[in-house]
Every structure is written in C-alpha cells, then in structure tokens.
1. Which one of these does Thr133 not meet: (1) modelled with pLDDT under 95; (2) closer than 25 Å to Ser36 by Cβ; (3) open to solvent by less than 30 Å² (accessible area, probe 1.4 Å)?
2. Which of the residues spanning the stretch 297-321 are surrounded by fewer than 18 Cβ atoms within 10 Å (Cβ to Cβ) and in contact with a strand residue (DSSP E or B) (Cβ under 6 Å, 6 or more places away or on another chain)?
3. Considering only the stretch 164-172, I want to know if a residue exists there that is touching a residue at least 12 places away in the same chain (Cβ under 8 Å), farther than 28 Å from Asp114 by Cβ and among the charged types (D, E, K, R).
4. For the stretch 43-57, enumerate the residues that are part of a loop (DSSP other than H, G, I, E, B) and either open to solvent by less than 20 Å² (accessible area, probe 1.4 Å) or not small (Gly, Ala, Ser) (or both).
5. Please enumerate the residues belonging to the stretch 328-340 that are touching a residue at least 24 places away in the same chain (Cβ under 8 Å) and crowded, with 23+ Cβ neighbours inside 10 Å.
6. Provide a single number: the residues in the stretch 233-244 that are closer than 18 Å to His132 by Cα and either of a type outside the set (Val, Ile, Thr) or outside any helix (DSSP H, G or I) (or both).
7. For Lys51, which of the numbered conditions (1) out of contact with any Gly (no Cβ under 9 Å at 6 or more places or on another chain); (2) under 16 Å from Arg184 (Cα atoms); (3) among the charged types (D, E, K, R) fails to hold?
8. Of everything in the stretch 280-328, what is within 11 Å of Leu261 (Cβ to Cβ) and not in a helix (DSSP H, G or I)? Give them in sequence order.
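The values are calculated or read from the model by the stated rules, or taken from the named source; none is laboratory data. Here the structure is a predicted model, which is why all the values come from computation and not from measurement. Reconstructed Cβ throughout: ideal geometry from the backbone, glycine too, with neighbour counts over all protein chains shown. Side chains included, ligands, DNA and RNA excluded: accessible areas come from the protein's heavy atoms. Shrake-Rupley method; radii C 1.70, N 1.55, O 1.52, S 1.80 Å.
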Amino acid sequence: MSGPHHLVNVSRTALRTALAHHRRDVPVIVAVSGGSDSMALAVTLAFIAPKLGLRALAICIDHGIRPESAAEAHTVRSRLAPFGIDVEIQRIAVSGKAGPEGNARQGRYDAIADYARRMGGPDQPGTVLLGHTQNDQAETVLLGFSRGSGAQSIAGMPQTGSLPLHPDIVMLRPFLGFSREDLRTICRQHNVEWIDDPSNELGGPWKTADGQELRRSALRHRVLPQLVQALGPGTIPAIARTAQLLQEDNTALEFYARNELAQSIVRRDPLTIECDRLAPLPQAVRRRCLKYAVEESQVRSGELVYWHIAGLDKLLTERKNNRGIDLPGVRAWRESNQLIFLPGKQSRHDSRSLSKSTESLSLEDS
C-alpha cells in the first residue's frame with residue numbers, strides 16, 4: 001500500500017518545522033477562507049498539531065458582502081469537522097476609506113486578532129497561520145513594483161512575523177514555498193473540497209475607486225500568466241525567491257541602520273541626531289536611519305512616502321542650518337548640525353523658537 005502523496009509529506013514537514021519550538025500552552029489558529037490554500041493548511045495542521053501536543057483552532061471570516069457568504073462559512077466548518085478542527089465563524093461589517101479590498105482585509109485581520117487574544121493564554125495570544133502561497137508572494141512583489149518604494153516594497157511577505165496591523169499577534173506563513181496548485185493537490189489527496197471566491201476573479205463584485213478591476217485580480221489572471229508564457233514555468237518561483245533574498249538584504253540593512261542611528265542620537269526628548277554622523281553613510285543606510293528616526297517621533301502610520309525621506313535626506317546632507325521640513329505629524333528642524341524631530345501640533349511653533357532664522361525647505365524643493 002502506497003503512502004501519502006509526496007506533497008502531503010512535504011507540507012507536513014514544512015508545518016512541523018515551523019511549529020517545532022511552539023509553546024504547548026498557546027493555541028495555533030489557522031485563518032480559513034474556504035479556498036484551497038487555507039483548507040490545505042487546516043487539514044495539515046489537523047495532522048501535525050496532535051503530534052506536537054498543540055491545540056489546533058480555526059476562524060472563518062464572513063465579510064457579508066455576497067449573499068452566499070454565510071452559507072459558505074458554515075460549509076467550511078462542516079468540511080473541517082471530520083478532521084477535528086473547530087471553526088469559529090465571525091461575521092464582520094466591512095467599512096472604511098481603504099477601498100473594498102483594503103477595508104475587508106483590515107476588518108478580517110481585526111477579527112482574527114481579537115479571536116487570537118481571546119483564545120490565547122494570559123501572557124500570549126494564539127499564533128495565527130495564514131495560507132499564503134508562492135503565487136500570492138509573486139503577486140505581492142509585482143504590486144510592490146507599481147508603488148516604486150524600493151527594496152522593502154518588493155520584498156514581499158515575510159514567512160514569520162506579526163499579524164498585519166496587530167504587532168502583538170505572532171503570525172506564520174508556513175506554505176509560502178508552495179504553489180497554489182500544490183495546495184490544491186493536497187486538498188484532493190485529503191478529499192477536501194474548496195470554495196472559489198468570485199471576488200478574486202476578473203469581473204468580480206469588487207472594483208477599484210475608478211471602476212477598474214482589482215489590481216491583484218488583474219495580476220493573477222492577466223499579468224502573471226503572460227509572464228510565465230514569456231519567461232517560462234519557473235517565473236513565479238523565481239519571483240518568490242527574489243523576495244526572500246531581498247528580505248535577507250533588508251534585514252542586514254536594518255541592522256546596520258539601527259546601529260548607526262543609535263550612535264547618532266544626542267537626546268531622545270525631542271529626538272535629536274548628529275547630522276555629521278549620518279551624512280557620510282551610504283544612502284541606503286542613511287535613509288533607513290532617517291525613516292526609523294521619523295517612526296520613533298510619532299509619525300502618522302502609513303503616511304510616510306519616498307518624497308518625505310528624500311526631502312529629509314536633503315536636509316541632512318546639504319549642511320545648511322536653521323531649516324526645516326514638515327512630515328506627517330512631525331517637523332524636522334536642523335540647527336547647529338543637529339536634526340531635531342518635533343512631533344505634534346506644536347511642532348511648527350516649537351521649531352521657530354529654536355532659532356531666529358527660519359529658512360525652510362519645502363517638500364517640493366527636495
């Protein structure tokens with residue numbers, strides 16, 4: 001009698017490795033949408049968790065956008081029940097200003113985070129598993145290219161880290177090395193059906209603000225197939241591998257940048273750094289130092305863009321004092337070859353009091 005399909009064995013090994021040192025008193029929660037990716041992850045977790053002495057749970061988020069979504073969530077629950085996976089169904093109201101896809105993502109992560117905290121121990125929430133694949137990684141990298149934000153933007157999704165928007169929740173993506181078709185094979189081997197969400201298809205119910213197809217859907221169904229046709233079947237794995245290499249490079253750059261920033265800090269209230277310490281550094285390291293400095297100064301999350309850092313870098317390197325630049329929620333002011341970060345509504349007034357000279361550097365000048 002033959003054993004399990006080799007992909008079943010490989011996926012079990014990948015998940016066992018990811019959870020090898022996991023605390024037994026902290027539950028492991030798989031976020032299931034009903035798609036093949038998360039269903040394959042759930043049935044693999046059902047096999048691995050008992051062997052590691054771990055408690056396996058699942059949560060399915062019903063966005064309530066399509067009439068059939070509630071029934072689909074209950075279908076997911078019934079399909080995983082034979083594997084011993086208890087599925088919590090959470091219905092959420094999708095709202096906000098980030099567009100339909102962004103609002104749904106934020107609402108989904110908020111609900112998953114709440115469940116992880118509720119089911120976790122007194123000192124650590126449950127660990128969340130996400131079923132993202134090599135295909136998802138390639139799509140994320142290409143979306144990053146469209147933003148033009150540098151290596152960090154095109155490094156894709158990390159395999160381990162925190163749940164997006166919730167730094168207290170440990171998150172793992174153990175199947176980033178598998179293709180979507182690999183995980184469909186795993187579902188077939190377990191006789192588990194999956195649900196194809198029409199929202200992910202071209203012509204689906206969601207559109208961008210200008211009425212166009214969702215960019216990720218367009219990448220999935222138009223761009224990536226064309227790239228594979230033009231460049232060969234190894235294109236998607238190559239893109240995913242490039243993302244992994246960039247993540248390693250970014251980790252190294254962050255290490256050196258944070259070390260240099262720490263040595264340049266004169267005082268922390270308000271955060272003040274020595275310009276002459278950072279100015280000679282390579283631009284890639286120097287600009288990361290400035291980015292981290294701004295983040296430490298209560299910058300408004302999500303509003304810092306390339307042009308802000310470029311303008312701040314110009315202020316640092318031009319060696320002209322008594323000049324300032326406004327950033328989201330922070331004003332940076334250069335005086336006596338020191339760069340001072342003044343957060344809050346009073347930052348403009350405070351910077352004027354530092355010096356009688358107020359020659360300013362606007363973002364447009366940078």
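1. (1)
2. Gln298, Asn321, listed by residue number.
3. The answer is no, given that none of the residues of the stretch 164-172 is touching a residue at least 12 places away in the same chain (Cβ under 8 Å), farther than 28 Å from Asp114 by Cβ and among the charged types (D, E, K, R).
4. Within the stretch 43-57, Leu54, Arg55 qualify.
5. Step one: filter the stretch 328-340 for residues touching a residue at least 24 places away in the same chain (Cβ under 8 Å), giving 328-330, 332, 334, 337-340.
Once the filter is applied, which keeps residues that are touching a residue at least 24 places away in the same chain (Cβ under 8 Å) and crowded, with 23+ Cβ neighbours inside 10 Å, the stretch 328-340 yields Val330, Ala332, Arg334, Leu339.
6. Residues that pass the stated criteria total 6.
7. For Lys51, the failing item is (2).
8. Passing the criteria: only Leu281.
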